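All of the numbers you see were taken from the coordinates with simple rules; none came from a lab. Bear in mind the structure is a predicted one, so any value in this text is a computation, not a measurement. FYI the Cβ positions are ideal-geometry reconstructions off the backbone, even for glycines, and counts take in every protein chain you see.
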Amino acid sequence: MKLLLDFLPIMLFFGAYKTYGVYVATGVLMAATAVQMAYIYFKEGRLETMQKVTLAMILIFGALTIGLHDDRFIKWKPTFLYAGMAIGLAVALWIYKKNFLHLLLGKQLMLPTPVWMNLNVAWIAYCVFMSAVNGFVAAFYSTDDWVNFKLWGYIFPVVFLAAQALYIAKHVEKSDE
């Protein structure tokens, strides 16, 4: 159920895009994300920082897209979101000496500190990669190509998360022994 809830706004965006175009799809994405976040807030009593940032960016970039009738804004939103995540994780780690992944997930996953460091660096690299790839597609390809990339580009997070799960599993087993 949670997985469906996570992907519902983007699935509605794709459906609306194919049927009505980018501006209607952007409005659908904005509304669906607002409803999604309201539901999460109602169920859990709070929103995580990343959920708040994502909602704000979708609403801001979506409003710019619709208001200025310029699809570049919604196409560039993922680039800025991923870049912001990479910068946030990097600054926290290398300047403030805080590992946000460990702070967020440390109670759920008992892993050695070096593993948390590797995961944090992997997330920084992944976010830089995704920001660069989305930026390239947004800059040099049509909106149709970008939407198709967003649909089929979900292979990147799937591969990244699978690799991360394998890496974590190896270390969770060792810490259980």
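How high is the FRET efficiency from residue 104 to residue 70, r the C-beta distance, R0 30 Å, rounded to 0.05?
Numbers: r = 35 Å, r/R0 = 1.16.
Working from the Cβ atoms, E equals 0.30.
Whole-Hz Karplus values for region 69-82 come out as 6, 9, 6, 4, 5, 5, 5, 8, 3, x, 4, 5, 5, 5 Hz, taken residue by residue from phi with 6.51 cos²θ - 1.76 cosθ + 1.60 and θ = phi - 60°; glycine and proline positions read x. The region of the chain that goes longest without hitting one of the trypsin sites (Lys or Arg not before Pro) in a DSSP loop, each with at most 10 other Cβ atoms within 10 Å, is 108-177.
In sequence order, region 121-134 has phi-based couplings of 5, 4, 5, 4, 4, 4, 5, 4, 4, 5, 4, 5, 5, 4 Hz under the Karplus curve 6.51 cos²θ - 1.76 cosθ + 1.60, θ = phi - 60°, and Gly or Pro positions carry x.
Please report 123, 152 as a ranked list, fewest other C-beta atoms within 10 angstrom at the top and most at the bottom.
152, 123
Taking amide H atoms as placed 1.01 Å from N in the peptide plane, the amide H of residue 98 lies under 5 Å from those of 93, each 5 or more residues away in sequence or on another chain. Amide H contacts of residue 141: none lie under 5 Å away among residues 5 or more positions distant or on a separate chain (H built 1.01 Å from N in the peptide plane; Pro and chain starts excluded).
Temperature 10 °C, viscosity 1.306 mPa s: under these conditions the Stokes-Einstein estimate for region 1-70, based on its Kirkwood radius over C-alpha pairs, is 128 µm² per second. Shape of region 75-177 from its Cα gyration tensor (a ≥ b ≥ c, root eigenvalues): rounded if a/c is under 1.5, otherwise prolate when a/b > b/c, or oblate? Verdict is oblate for region 75-177.
Can you tell me how the chain classifies by the Cα gyration tensor, rounded, prolate or oblate, using a/c under 1.5 as the rounded cut?
On the way: a/c = 1.96, a/b = 1.69, b/c = 1.16.
The shape class here is prolate.
Note on residue 148 and residue 34: their simple-model spin labels are 3.3 nm apart, each label 7 Å out from Cα toward Cβ.
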